[in-house]
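What follows is a set of notes on a single structure, which appears directly below.
We did not get these values from a lab; they are worked out from the coordinates using the rules stated. What you see is a predicted model, and the numbers here were worked out from it, not measured in a lab. Neighbour counts are summed over all protein chains in view; Cβ atoms, including those assigned to glycine, are modelled from backbone coordinates with ideal geometry.
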Amino acid sequence: MAEFRTAQREDCEKILFFIRQLSIYEKMEHLVTAEVTQIEKWLFDRHAAQVVFAMEDGKEVGFALYFFNFSTFLGKSGLYLEDLFVLPEYRGRGIGKSLMQHLASICVKEGLGRFEWWCLDWNEPSIAFYKSLGAVPMDEWTTYRLQGEALQKLGE
């Protein structure tokens, strides 16, 4: 079973490394524009999200980046998992499951109402993994996004 440690300010380069590794796996590395200074600002100055590392033999082998949201229907916060990634050479050892269990334990300990995340439709191994944990897809919902020029235009 993996051990865990909460990321500290001095881990910003390591966090960005894991983000980039995830983006390569998802075939989206061209979309990563984040820089170390942004990671530091948003995670450690503004506290917009948190990161936990899965450790094996003193080495970071996986990470999860998450933040808290709020359900008006439940009247309580939930945990939203933005990113989860385990280095390829450490997969198949239960590290991903341990990370998910760790996050679920945060939900239980804090009395949160939900634990949610997105998964790419083509990512069959992850879909099967999440279903094995008891997760169910929310097929009746469609995600919408405003960014870039559209966000700028609406926000002006």
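Hey, among 103, 112, which residue is crowded, with 17+ Cβ neighbours inside 10 Å, of a type in the set (A, V, I, L, M), touching a residue at least 24 places away in the same chain (Cβ under 8 Å) and closer than 20 Å to residue 5 by Cβ? Exactly one residue qualifies, and that residue is 103. Condition check for residue 39 on (1) surrounded by 15 or more Cβ atoms within 10 Å (Cβ to Cβ); (2) over 23 Å from residue 16 (Cα atoms): one failure, at (2). Scan region 1-12 for residues that are charged (D, E, K, R) and surrounded by 11 or more Cβ atoms within 10 Å (Cβ to Cβ) and the total you get is 3. Screening 120, 112 for residues that are part of a loop (DSSP other than H, G, I, E, B) and over 24 Å from residue 145 (Cα atoms) leaves exactly one candidate, 112. Taken together, the criteria place residue 6 among residues that are among the hydroxyl-bearing types (Ser, Thr, Tyr) and touching a strand residue (DSSP E or B) at 6+ places or on another chain (Cβ under 8 Å).
Based on this model, can you work out whether residue 28 counts as surrounded by 15 or more Cβ atoms within 10 Å (Cβ to Cβ) and either out of contact with any helix residue (DSSP H, G or I) (no Cβ under 6 Å at 6 or more places or on another chain) or farther than 27 Å from residue 101 by Cβ (or both)?
The answer is no for residue 28.
Can you pull out every residue in region 42-92 that is part of a loop (DSSP other than H, G, I, E, B), surrounded by fewer than 16 Cβ atoms within 10 Å (Cβ to Cβ) and out of contact with any helix residue (DSSP H, G or I) (no Cβ under 6 Å at 6 or more places or on another chain)? Spell out the reasoning first.
Quick first cut of region 42-92, residues part of a loop (DSSP other than H, G, I, E, B) only: 46-49, 57-58, 72-75, 87, 91-92.
Then keep just the ones that are surrounded by fewer than 16 Cβ atoms within 10 Å (Cβ to Cβ); that gives 46-48, 57-58, 72-75, 91-92.
Once the filter is applied, which keeps residues that are part of a loop (DSSP other than H, G, I, E, B), surrounded by fewer than 16 Cβ atoms within 10 Å (Cβ to Cβ) and out of contact with any helix residue (DSSP H, G or I) (no Cβ under 6 Å at 6 or more places or on another chain), region 42-92 yields 46, 47, 57, 58, 72, 73, 74, 75, 91, 92.
Scanning region 42-74 for residues that are in contact (Cβ under 8 Å) with a residue 24 or more places away in the chain and more than 26 Å from residue 126 (Cβ to Cβ) yields one hit, 44. In region 113-135 there is no residue matching the filter, namely being touching a Lys or Arg at 6+ places or on another chain (Cβ under 9 Å) and β-branched (Val, Ile, Thr). Name the residue that is farthest from residue 68 (Cα to Cα), counting only residues in region 129-156 that are among the small types (Gly, Ala, Ser) and surrounded by 10 or more Cβ atoms within 10 Å (Cβ to Cβ). If we take residues in region 129-156 being among the small types (Gly, Ala, Ser) and surrounded by 10 or more Cβ atoms within 10 Å (Cβ to Cβ), then 150 is farthest from residue 68 (Cα to Cα).
Return yes when residue 80 is farther than 16 Å from residue 13 by Cα, within 13 Å of the chain's Cα centre (by Cα) and not hydrophobic (A, V, I, L, M, F, W, C) and no when it is not.
Here the answer is yes, as residue 80 does meet what is asked.
Considering only residues that are within 24 Å of residue 123 (Cβ to Cβ), part of a helix (DSSP H, G or I) and free of Cβ contacts under 8 Å to residues at least 12 places away in the same chain, look in region 2-41 and name the one that is nearest to the chain's Cα centre (by Cα). Out of the qualifying residues, it is 23.
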